[in-house]
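Reading through the C-alpha cells given below for one structure.
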Amino acid sequence: MEALLDFWYAYSATLAFGLVNSLFALSMYSVLSAGILSFTTVVFAAVGGFAAAQMMGTFGLPLWLAVVIAGLLGGLASAIIAALFLKLETHWMALASLALILISRVVVLNTPSLTGGVMGMVVPVRASVLELAVLLAIVSLVFFRLHKSWYGLAIRAVREDAAAASTMGVSARQIQMIAFLISGVVGGLAGAAMATTLQYISADTFYLGVAFTMIASTVLGGSFFWFGPIVGAFVFTALPTITQAVLPEIQDIAKGVVLLVIMIYLPRGLIDPRARGLRKAARQRQQSALNGSDAVEARPGSSTAGHAHD
Amino acid sequence: MNMLETSKRTLLSAVYMAVALGIAAPAHADPDAGEYRIGMISDDSGPIASAGQSYHQGADIAVAEINSKGLAGEGVTLALDIKDSGSDAARAVQAMTQFGSDRGILATTCCILSAIAAAVSPIAMSNEVPLVIYGATRASLPQEPYVTSVVALPGPQEVAMSERLAAELKPQKVAYFLSGDNDIFKARAMAMKEVIEKSGAATVAEISTLSADTDFTGPATQGIATDPDLIVVMTTQQPTVGIITALRQRGYEGTIVTSEVLSPPAIFKKSGETITGIPFALSFQPGVSDSEAAVAFIDAYKAQYNALPDVYAAQGYMAIQFIAQGLKTLSGKPTRQDLAKAMWGTSDIAVNPYGGQPMESGQARTPNTLIVNWTKDGEVKLWEKP
Amino acid sequence: MTLFLEQLVNGISLGSLYALFGIGFGLVFATLGVLNVAHGAYASWAAILGYFSVDYFGVPFPAAVAIGVLGGGLIAVTVDQIGFQPLRGRKTGMLGALITSIAFLIILDSLAGMATNHQSWAFPSSSFPSGMVDLGLIRIPEMQIIIIVATLVCGGGIYALIQKTGIGAAMRAVGWNAEAAALSGVNPRIVILLTAFLAGATSGLAGVLGGAATSNISYMLGEGLLLKGFAAVVVGGFDDVRGTVIAGILLGICEVFVAQYLSTTYRDGFTYVLLLTFLVARPRGLFGSRDFMRA
C-alpha cells in the first residue's frame, strides 16, 4: 500500500502536467480540426495564465473563479486574433501565429505591472490533480458532445474540403471562427492550469518551446478525433520521465526519435478514427462473408464521415 | 586591509569549527549509520549548463569527502540522486515533486535561477523536505525552516571592488553595460554605479543588452564612442564574454571590470586572451584561496576532474557540506523535520573553502571578498592596479 | 558621423547574417513547401563542425568554413531524406513535415548540446581574421567585410541559379507544381536534393561566419538566427532571394539603430511587429511577385 502511495506521489507531478498539456493540445486540436495550422494557443494560454495569476494573487479570487475568468479572457483574445487572422491564407496564418508568439513574449517582458516582467509571477494557489482532472473532464465532455453535433460534422467537412463544404451550405469562415473561439477558451484554461501547476509563470513559460511541443503532442496523438490530443499529451509528457529513469542522457533525443518514428509510420497519429473505421469495416466484411451475403458494403476511407454515426 | 580581514575571518571560522565540533561531540550521538540520499536538481544541460555542471561536480566532491572522512557522522554516507532540469521550470517542479514524495530522500538541493528556486520552494515547504538553494541569489528565498540558501546575496562584493577601483584608478568617464532582462545583474550594476559616481566619475553611457543576445558589435561601438576610461560589464555569462570580446576586438584598451561570471576555467579556455587582466570579485578562486579547506577541495576536484574548480563548484560543494553538518548534529534515525531545524539554526558552515561562511536565518551572509583577474598563463591572481 | 557610419556597417553585417540564413529557409518553404524549424540546427552544427576542425585538427579558417558549409548541406539532405521524403505524396500538407522538423530540431539540438557539453566556445582569435580594416573615416572588423561579401555573393549566385539556369527553372517549377514539373521532364528528386543541400549549406555558412564574428559557438546559435531569418524571409517575400537579402539587411540596420537611439527593450519588439505587419498587410513581402500558391 505504502509503495503504491509512494508511486502515486512520485508521478503525480507527471500526471498533473499530462492533464495540463492535454488542455493545451485540445486547444491546438480545436483549430487544427478546422484545417488551420495555428500556434496561437500559446498566446491564449499566456493571457489566461497571467490573468489567473493576477486574479488569485492580486485580487485573492478563488481558484475556480480565476480559471473561469482565464477561459473567458482567452476566448476574448481569440475573437480578436481570429478576426485578424482568418483573412489570411492558411500558410500565412501559421507564420503569423508564430510571429504573434514572439511579440507576446516581448509584451510580457515589458509590462511588469501585469506580468511581473522579467521577474515573472509566483502563483499563490496550487491546483490539485483532482481539480485538473475535473477541468479536463469538463472540457473533454464538451469536445465529445461537439463531435457528435452538427458542428462536428461541419468541421470535418471543412477540413476535408472547404469548397465542397460551402456548397452544402457550411460556411468555412464561420466554422473556423467557432473553432478559434473554442481554442481560445480552452487555451485560456490551459494557461490557468499551467500557472496553478507550476506556481510560477514568466515569459518563457509561454514561448516557442511550448508551441512546438504541443503541436507535436497533438499530431502524435492524432488530430482527427478529440481523444487523440489527450493521448499525445500524456505520451509526450511521460516519455522524458520514463527515459530519465532509464537513460537520462538521451531523454530529449528519445522524445525526438519517438516523434519522428510515429510521424513516419503513423502519420495520422496514435488515435485514428479512420483506422478504427477500417478495422470495423474488415470485421463487417468478415462477418458478411460468413453470412454468405455481400449486402454490407464496406467503404474504407470514408470513416471520418461514417464515424459521426457510431 | 583586505588581507587582515581575511585572516581574521579564517581565525574566526577556526574558532567556530572548534566550537561546533566541541559541542557536537559530547551532546549527541551521531545519526544511525547508513546511506542517506540527497536529491539534487541540476542544470547539466540547458542554457546555463556551463555553470550547472560546476555546481554538480562540486557537490560530488563534497559527497566523496563527507563519506571518506565521516563528516556527517560515524558510518554515515550520503548519495546524490540527480535529476537534470535543463533550467526548465516545469522539469524542475516535476523533479522536486518526485523528491518530495520519495521518503528515501532526506534533503534536496537545487537551482541556479531565482525563478526556478521560487517555483520549487513551495513544494519543498508543503512536502516538508529540506531544500538548500545552491545558486539562486534573489533576496528572501529562504523560508523557515525548510528552505535555506548557501549563496550570499550579491552586492557587498561589487561595492567593495568598486570602492577600490574608484580609489586606485580615479576614473573620470565610466560606461555601463547592463542586463535589460535580468533584474539581479541590473541591481548589481546600479549598486556599483552609485559607488563610482560618489567618487566623482561621470556616467557617460548606460547600454542595455539582453541575455539571449550574441552580436555585440553595435553596443560595443556605442560604448567606445563615448570614450570611457572605465567600462563596467554586469550581465549574465554569455553576454559578458561577448561584450568584452567585442570591446577588445574594436580596440578598446581601457580598464574593464565585471563579475564572477569570468571565474570558470572554461571561460579562460574559450576567451583567454581577451579576458586577461579584467578584475572581478568573488569569495573563492583556486590560486588565491589558501585556507586548508580550500586547498583540500581544490586538490580533490583536480584529482577527480583534471581541472580547477570555480566559484560555482565551491557553492555546490557548500550546499552538501551544509546538509552534512546539519545531519551530524542529529542522533538516531534522522527525520526531515529535525534536519531542517538543525540546518535553519546553523550560524556558520564549518567546512567551507571561503575561509568562513556565516549563516543567518537560513541565508548565507557575504563571506570574504577577493578581487582577482586572470593572467596570461591561465592563473588567477589578486588584482593589482596595472 | 563616425559613430553613425560604424553602426551602419554593424547593422549591415548583422543583417547579412539574417539574410544569408534566410535564403535557405525561404528556398525550402517556397520550393519544397516545408516550414522547417530545424533550419537553425544546421547553422549550429556547421559552426560546431568548423570549430572542432580548428580545435582538433588545426585546419585553417577557410577550410573550417568549407567543412561547416558542407556539413550543414549534408545534414540538411539527410534530414530531408529521413524526415520529409516519406511524407511526400501522402498529402499530410505542411503539418506532417512541420512535425518531423520539430522532431529533428529536438534531436539535432540535443546532440549539439552533448557535442559541445552545453557550453559556448569560440574560435581562437589567432585562427580567423579578427583584425580591423582602416578605411580612413571608420574602421571595420575583417569578419564584417567577409560576412557582407559572402551574403552578396551567395545571394547573387542563388538568384542567378534560380532565374537563369535550367535547374533553377526546374526548382521554380517544383515550387509551383511538382506534378507539372515532373511532366515537363525534370527529375523532382534531383531538384529536392539540390534545394535541401543549398539551404543547409547557406545556413551553415551563416552559422560558421556568425559563430566566428560573435565568438559564440553553441548549440543555441541557430535559434537566434532562425527567428530573425524567418522575419527577413517574410518581410522580403518567400520566393524572392533579392527580397530576402534586402529585407535581412534592413532588419539588421533597424535593430542596431533601434538599440542605439531608442532602447534594446524595443529592438526585438520592433522586428516582430514589422514581421506581423507584413504577414497581415502584405503577405507577398517587399518584392514578392506572386502569392504563395502551394497547398
The simple spin-label model distance between B:ALA212 and C:THR78, using points 7 Å out along Cα→Cβ, in nm, is 2.7
When you look at the Cβ of every residue in C:104-117, what mean number of other chain Cβ atoms sits within 10 Å? 5
In terms of the Cα gyration tensor, with a ≥ b ≥ c the square roots of its eigenvalues, is the stretch B:156-282 rounded because a/c is under 1.5, prolate because a/b exceeds b/c, or oblate? rounded
Accessible surface of chain C [probe 1.4 Å, protein heavy atoms]: carbon and sulfur percent: 68
Per-residue accessible area for A:MET214 at 1.4 Å probe radius, Å² rounded to 10? 10
Putting +1 on Lys and Arg Cβ atoms and -1 on Asp and Glu Cβ atoms, find which of B:PHE268, B:VAL257, B:ALA201 reaches farthest to the positive end of the dipole of the stretch B:156-282. B:PHE268
Accessible-area loss of at least 10 Å² in the complex relative to the chain alone (1.4 Å probe) applies, within the stretch C:1-18, to C:LEU3, C:GLU6, C:GLN7, C:ASN10, C:LEU14
Decide, for the stretch C:1-79, between rounded, prolate and oblate: order the square roots of the alpha carbon gyration tensor eigenvalues as a ≥ b ≥ c, take rounded if a/c falls under 1.5, and otherwise choose prolate if a/b is larger than b/c, else oblate. oblate
At R0 = 25 Å the Cβ-Cβ FRET efficiency linking A:LEU5 and A:VAL246, nearest 0.05, sits at 0.60
Accessible-area ranking of A:TRP150, A:TRP8, largest first, probe 1.4 Å: A:TRP150, A:TRP8
Percentage, to the nearest whole number, of Cα pairs in the stretch C:2-281 over 24 Å apart: 49
To the nearest 20 debye, the stretch B:156-282 has a Cα-centred charge dipole, built from +1 on Lys and Arg Cβ and -1 on Asp and Glu Cβ, of 180
Explain nothing, just the number: relative contact order of chain B, from Cα pairs under 8 Å at least 6 residues apart, as a whole percent. 21
Computing the accessible area with a 1.4 Å probe over protein heavy atoms, can you report the carbon and sulfur percentage for chain B? 55
From the helices alone, meaning DSSP H stretches of at least four residues, give me the mean residue ellipticity at 222 nm for chain B, per-run term -39500 (n - 2.57), in deg cm²/dmol to the nearest 500. -15000 deg cm²/dmol
Can you give the calculated 222 nm mean residue ellipticity of chain C, where each DSSP H run of n ≥ 4 adds -39,500 (n - 2.57) and the sum is split over every residue, rounded to the nearest 500 deg cm²/dmol? -24000 deg cm²/dmol
Given R₀ = 51 Å, what would the calculated FRET efficiency be for B:ALA29 paired with A:LEU130, taking r from the Cβ atoms and rounding to 0.05? 0.70
For B:ASP84 the rounded accessible area (nearest 10 Å², probe 1.4 Å, non-protein molecules ignored) is 30
I'd like to know which of B:SER68, A:GLY120, B:ALA189 lies farthest towards the positive end of the charge dipole of the protein assembly as shown, counting +1 on Cβ of Lys and Arg and -1 on Cβ of Asp and Glu. A:GLY120
Can you give me the solvent accessible area of B:GLU194 with a 1.4 Å probe, rounded to the nearest 10 Å²? 110
PRE reach from C:THR165 (point 7 Å along Cα→Cβ): which of the stretch C:237-277 fall under 17 Å by backbone N? C:241-242
Mind checking the log10 I(q)/I(0) for chain B at q = 0.13 Å⁻¹? Debye, one equal scatterer per Cα, no solvent, two decimals. -1.03
Mean per-residue count of partner chain Cβ within 10 Å for C:41-47 equals 0
Averaged over the residues of B:79-91, the number of partner chain Cβ atoms within 10 Å of each residue's own Cβ comes to 4
Given a Förster distance of 56 angstrom, what is the FRET efficiency for C:THR2 paired with B:THR77, based on the Cβ-Cβ distance and rounded to 0.05? 0.30
Report the charge-dipole magnitude of the protein assembly as shown in Debye, nearest 20, computed about the Cα centre from +1 at each Lys and Arg Cβ and -1 at each Asp and Glu Cβ. 3080
Leaving ligands, DNA and RNA out of it, rank A:ILE80, B:ILE275 by accessible area with a 1.4 Å probe, largest first. A:ILE80, B:ILE275
Once you measure Cβ to Cβ distances between cysteines in the protein assembly as shown, which Cys have no partner under 4.7 Å? C:CYS154, C:CYS254
Rounded to two decimals, what ratio of Rg to Rh does the stretch A:14-208 give with C-alpha atoms and a Kirkwood Rh? 0.99
Mind checking which of C:GLY285, C:ILE147, A:ASN21 is farthest towards the positive end of the protein assembly as shown's charge dipole, using Cβ charges of +1 (Lys, Arg) and -1 (Asp, Glu) about the Cα centre? C:GLY285
For the residue pair B:THR335 and C:LEU152, what label-to-label distance in nm results when each label sits 7 Å from Cα along the Cα-to-beta-carbon direction? 7.7
Order of exposure, largest accessible area first, which applies to A:TRP64, B:TRP383 with probe 1.4 Å: A:TRP64, B:TRP383
Under a crude label model (7 Å from the Cα following the beta-carbon direction), how far is B:ASP227 from C:VAL280 in nanometres? 4.7
Cα convex hull of the protein assembly as shown, projected area averaged across orientations, nm²: 43.2
Identify which of B:ALA33, B:ALA324, B:ALA72 has the largest mean-square fluctuation in a Gaussian network model of chain B, with springs joining Cα atoms closer than 10 Å. B:ALA33
On complex formation of A with C, accessible surface lost, both sides summed, probe 1.4 Å, nearest 100 Å², amounts to 3400
For chain B, what is the percent of antiparallel DSSP beta bridges, rounded to the nearest 5? 20
Under the definition of Cα pairs under 8 Å and six or more residues apart, what whole-number percent is the relative contact order of the stretch C:2-281? 40
In whole percent, what relative contact order does the stretch B:252-386 give with Cα contacts below 8 Å and a gap of six or more residues? 30
Taking a ≥ b ≥ c as the square roots of the Cα gyration tensor eigenvalues, with a/c under 1.5 meaning rounded and otherwise prolate when a/b beats b/c, else oblate, which class fits the stretch B:33-91? oblate
Solvent-accessible area per residue for the protein assembly as shown at a 1.4 Å probe radius, Å²? 38
Beta bridge orientation in the protein assembly as shown: antiparallel %, DSSP, nearest 5: 30
Place a +1 charge on the Cβ of each Lys and Arg in chain A and a -1 charge on the Cβ of each Asp and Glu, then give the dipole magnitude about the Cα centre in debye, rounded to the nearest 20. 720
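The values are calculated or read from the model by the stated rules, or taken from the named source; none is laboratory data. Treat the numbers as computed from the prediction; the structure is a model and nothing was measured. Cβ sites come from the backbone with ideal geometry, for glycine too, and all protein chains shown count toward neighbours. The accessibility values were calculated without ligands, DNA or RNA, using every heavy atom of the protein model including side chains. Shrake-Rupley method; radii C 1.70, N 1.55, O 1.52, S 1.80 Å.
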